[in-house]
1. For residues in the stretch 47-76 being more than 13 Å from G22 (Cβ to Cβ) and touching a Phe, Trp or Tyr at 6+ places or on another chain (Cβ under 7 Å), which is nearest to ligand 2 (Cβ to nearest atom)?
2. Would you point out the residue of the stretch 77-98, among those that are away from ligand 2 (no atom under 16 Å from the Cβ) and of a type in the set (S, T, N, Q), that is nearest to the chain's Cα centre (by Cα)?
3. Could you please let me know if A31 is more than 16 Å from ligand 2 (Cβ to nearest atom), crowded, with 20+ Cβ neighbours inside 10 Å, outside the structural domain of D243 (by TED's automatic domain parsing) and small (G, A, S)?
4. Are any residues in the stretch 1-11 surrounded by fewer than 24 Cβ atoms within 10 Å (Cβ to Cβ) and not in a loop (DSSP other than H, G, I, E, B), and if so, which ones?
5. Do we have any residue at all in the stretch 137-152 that's crowded, with 21+ Cβ neighbours inside 10 Å and within 16 Å of ligand 1 (Cβ to nearest atom)?
6. Filter the stretch 2-28 down to residues that are away from ligand 2 (no atom under 16 Å from the Cβ) and among the aliphatic types (A, V, I, L, M), then give me how many there are.
7. Would it be correct to say that D243 is touching a His at 6+ places or on another chain (Cβ under 7 Å), in the same structural domain as N13 (by TED's automatic domain parsing), farther than 15 Å from Y134 by Cβ and more than 14 Å from ligand 2 (Cβ to nearest atom)?
Amino acid sequence: MNLHEYQGKEILNSFGVRIQRGIVASNHKEAVDAAKQLTAETGTSWYVVKAQVHAGGRGKGGGVKLAKNLQEVESIANDIIGMMLITPQTSAEGKKVHQVLIAEDVYYPGDSEPEEYYMSVLLNRNTGRNMIMYSTEGGMDIETVAEETPHLIFTEEIDPAMGLLPFQARKIAFNLGLSGGAFKEMTKFVSALYTAYIKSDSSMFEINPVLKTSDDKILAVDAKVTLDDNALFRHKDYAQLRDLREENPIEVEANAAGLNYVDLDGNVGCMVNGAGLAMGTMDLIKQAGGDPANFLDVGGTADAQRVETAFGIILKDTNVKAILVNIFGGIVRCDRVAQGVVDAYKNMGDKINVPIICRLQGTNAKEAKELIDNSGMEIISATEFQEAADKVQEVLTA
Ligand code: GDP
Ligand code: MN
């Protein structure tokens, strides 16, 4: 589960990670109140107004702006809330901004310039260990740094039994070129960050930038936090942080129905059991010249109710021009699935307005095909995988 910057920062703060302080606001009035409160708490007189959407690169898209007084806070918040923010990480139409974070300005001028670093904590799947990835090149796309100056990206792997060791935190501060007070601050920052990552059961932290202020404080200016869904049962308070407005509504509905659904751009709806077969089906559709409209794994129990729910969800996508049902009957018998498809088709009546191609293979496949062919429904049956994909192309080009 992805979090907003302000939510991620609150979690970091609760584990002692120093953050750029801020207060979230849903309209320009709240924004001004937030700014006043922030001044009372931190003494700041300048503010940054930051769009809260689940996408990075907000600064580039005009979603992060400096305000030098309360009037500017009000007018900038007014402009940003409600806008469709387009960044390198959103679709072309952008993401609607519902909230802004009013944050203290931490780039205040001083004896030395503020420095920006990059730091993330994530799982290295090759070694099965968590690692801290960091760079002196903060504030820019880490992908660009990786491409152009890969030698400026460092990684530190952490032994799961020992945890982050003090020498590792010191090595990180050293590699970032720090000394004196900032060096000590960075070692504290790194160890608090790692503790937060472990204790919150996160699967990714990305702090870009980590800032060294002109008075040598180290703090998180941005926070991208992804929580591990499988551990949410241990964090009831975090589960409430989910913002459904940021998610695809069809995916939300499918997940609530226990279906594994991912929305895609094509026009062939897919209903498949098993993630591997679903991937294979998408490949085959592509190879036959088509384009899958979704990934959908209906799971093991493809009964009439489930098939009907799945059809309903697939058809919410108005791009869908044909549906390919591709089910392997291993534990579940094909004839039962076929009955499910026929019953669902009957129940849904004219809600099904696109051709359906149905391939059932495995236990009782023959009976299943007969059931479909004799149902009197407009369901096209197929036996072979390739045949099914070809029949999809036939109906699309007919
Ligand atoms: P992102 O663009 O979505 O990654 O959003 P960030 O939170 O990283 O902010 C983008 C940029 O805004 C940062 O890289 C900074 O350059 C700038 N920024 C953030 N906080 C402040 C601040 O307190 N003062 C000033 N002057 N700039 C800031
Ligand atoms: Mn950032």
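1. The first filter runs over the stretch 47-76 and keeps only residues more than 13 Å from G22 (Cβ to Cβ), leaving 53-63, 65-66, 68-72, 74-76.
Going one step further and asking which of them are touching a Phe, Trp or Tyr at 6+ places or on another chain (Cβ under 7 Å), we end up with 66, 68.
Details: L66: 15, K68: 21 Å.
Checked the stretch 47-76; the qualifying residue nearest to ligand 2 (Cβ to nearest atom) is L66.
2. Filtering the stretch 77-98 for residues that are away from ligand 2 (no atom under 16 Å from the Cβ) and of a type in the set (S, T, N, Q), the one nearest to the chain's Cα centre (by Cα) comes out as S91.
3. Working: more than 16 Å from ligand 2 (Cβ to nearest atom): yes; crowded, with 20+ Cβ neighbours inside 10 Å: yes; outside the structural domain of D243 (by TED's automatic domain parsing): yes; small (G, A, S): yes.
So A31 passes the test.
4. Result: N2, Y6, Q7, E10.
5. Let us first name the residues in the stretch 137-152 that are crowded, with 21+ Cβ neighbours inside 10 Å, namely 138.
In the following step, the residues that additionally are within 16 Å of ligand 1 (Cβ to nearest atom) were identified as 138.
The answer is yes; a qualifying residue exists.
6. Within the stretch 2-28, the subset away from ligand 2 (no atom under 16 Å from the Cβ) is 10-11, 13-16, 18, 21, 23-28.
Within this subset, residues satisfying the condition of being among the aliphatic types (A, V, I, L, M) are 11, 23-25.
Here the count works out to 4.
7. Details: touching a His at 6+ places or on another chain (Cβ under 7 Å): yes; in the same structural domain as N13 (by TED's automatic domain parsing): yes; farther than 15 Å from Y134 by Cβ: yes; more than 14 Å from ligand 2 (Cβ to nearest atom): yes.
Here the answer is yes, as D243 does meet what is asked.
The rows are residues; the columns are (1) over 28 Å from L244 (Cβ atoms); (2) at pLDDT 95 or above; (3) more than 11 Å from ligand 1 (Cβ to nearest atom); (4) in contact with a Pro (Cβ under 9 Å, 6 or more places away or on another chain).
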site: A31; (1), (2), (3), (4): no, yes, yes, no
site: A40; (1), (2), (3), (4): yes, yes, yes, no
site: Q89; (1), (2), (3), (4): no, no, no, no
site: V100; (1), (2), (3), (4): no, yes, yes, no
site: E104; (1), (2), (3), (4): yes, yes, no, no
site: Y108; (1), (2), (3), (4): yes, no, no, yes
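The values are calculated or read from the model by the stated rules, or taken from the named source; none is laboratory data. Remember, predicted model here, so these are calculated numbers, not experimental data. Because the Cβ atoms are built from the backbone with ideal geometry, glycine has one as well, and the counts that use them run over all protein chains shown.
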